[in-house]
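This report refers to the structure that appears directly beneath it.
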Amino acid sequence: MCNRMSVLSSILLLCGFSPILVAQAPPDRPVGALRPIQMLRRTEVQDDLEFAPFQQDEIAIIADERNKFMGGFMEDLRRMTDDERQAAVATIKERDWTYEARAEDVLLPHQRRRLGQIRLQDQVDAKAPSAGLSHPHMIVKLEITDTQRKRINATAQMTDATLQEKIEKLQKEIKQARDEARRKVLAELTDEQRRQYQEMVGDLVDFVIVPRAPQR
């Protein structure tokens, strides 16, 4: 169990979730933010940055190289002792940052600035009712006072509760519409076909989206 936890810790470290790697990031980068190469692989980010075809190709090449490098290391990682693992991680983390630097070099200056904004949005959850203002990074950067923070949290929680009610109502309406459509479709089958169908698929499992916990 201990060894599995060590392997997991090393994997998390290499994926950018380790305090060691975070400490090496620029001081104005929020802790835990997705790293450049992770963001730049996302289609919506490429669209927002108005990537040129050559930029898409370059990022794909860099990401592929990184994945192969990490994949090979992960295989070796499982066979290492704890001491060997720590030494190996220390050796390759600098190599990993070179992939990030190469990814950022593909961008034009205005794209780098925009990427910084997008990464911040993702980290502080800027689309949430709180607009991300409850995040420690934003509190420090904007010098948000305790009074402002309390008001922000109160407003966000009230709005969040309203949104959750609307989401739950919409989910019920979607389920009702889906069930009605299924009934109409299954009505096209004969009784024997419906019996066979029921034996094939059984009772449906209703995967419900778990409501997001209110922000505090």
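The values are calculated or read from the model by the stated rules, or taken from the named source; none is laboratory data. Just so it is clear, the model here is predicted, and its values are computed rather than measured. We place every Cβ from the backbone using ideal geometry, glycine too, and count neighbours over all the protein chains shown.
What the table shows:
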{"read-out": "Number of positions in the stretch 168-186 that are hydrophobic (A, V, I, L, M, F, W, C) and surrounded by 13 or more Cβ atoms within 10 Å (Cβ to Cβ)", "value": "0"}
{"read-out": "Lone qualifier among Asp76, Asp83 - being loosely packed, with under 15 Cβ neighbours inside 10 Å, more than 23 Å from the chain's Cα centre (by Cα), in a helix (DSSP H, G or I) and in contact (Cβ under 8 Å) with a residue 12 or more places away in the chain", "value": "Asp76"}
{"read-out": "Criterion violated by Leu12 - all others in (1) modelled with pLDDT of 85 or more; (2) exposed (fewer than 14 other Cβ atoms within 10 Å of the Cβ); (3) assigned to a helix (DSSP H, G or I); (4) of a type outside the set (Ser, Thr, Tyr) satisfied", "value": "(1)"}
{"read-out": "The stretch 121-174, residues that are among the charged types (D, E, K, R), under 23 Å from Met39 (Cβ atoms) and assigned to a helix (DSSP H, G or I)", "value": "Asp122, Lys141"}
{"read-out": "Test result for Leu115, part of a loop (DSSP other than H, G, I, E, B) and modelled with pLDDT of 90 or more", "value": "no"}
{"read-out": "Boolean, Leu107 is part of a helix (DSSP H, G or I) and under 28 Å from Pro36 (Cβ atoms)", "value": "no"}
{"read-out": "Close pairs from the stretch 142-162: first under 16 Å from Ala126 (Cα atoms), partner at pLDDT 90 or above and assigned to a helix (DSSP H, G or I), Cβ under 9 Å, at least 6 apart", "value": "Leu142/Gln148; Ile144/Met138; Ile144/Ile152; Arg149/Ile139"}
{"read-out": "Considering residues of the stretch 99-137 that are free of Cβ contacts under 8 Å to residues at least 60 places away in the same chain and more than 22 Å from Val45 (Cα to Cα) only, the residue surrounded by the fewest Cβ atoms within 10 Å (Cβ to Cβ)", "value": "Pro136"}
{"read-out": "Residue match in the stretch 97-104 (condition: under 22 Å from the mean Cα position of the chain (by Cα) and assigned to a loop (DSSP other than H, G, I, E, B))", "value": "no"}
{"read-out": "Candidate set from the stretch 87-98 (those that are farther than 16 Å from Gln38 by Cβ and touching a residue at least 12 places away in the same chain (Cβ under 8 Å)); member that is surrounded by the most Cβ atoms within 10 Å (Cβ to Cβ)", "value": "Val89"}
{"read-out": "Set Leu189, Leu170: member being among the aliphatic types (A, V, I, L, M) and within 23 Å of Pro129 (Cα to Cα)", "value": "Leu170"}
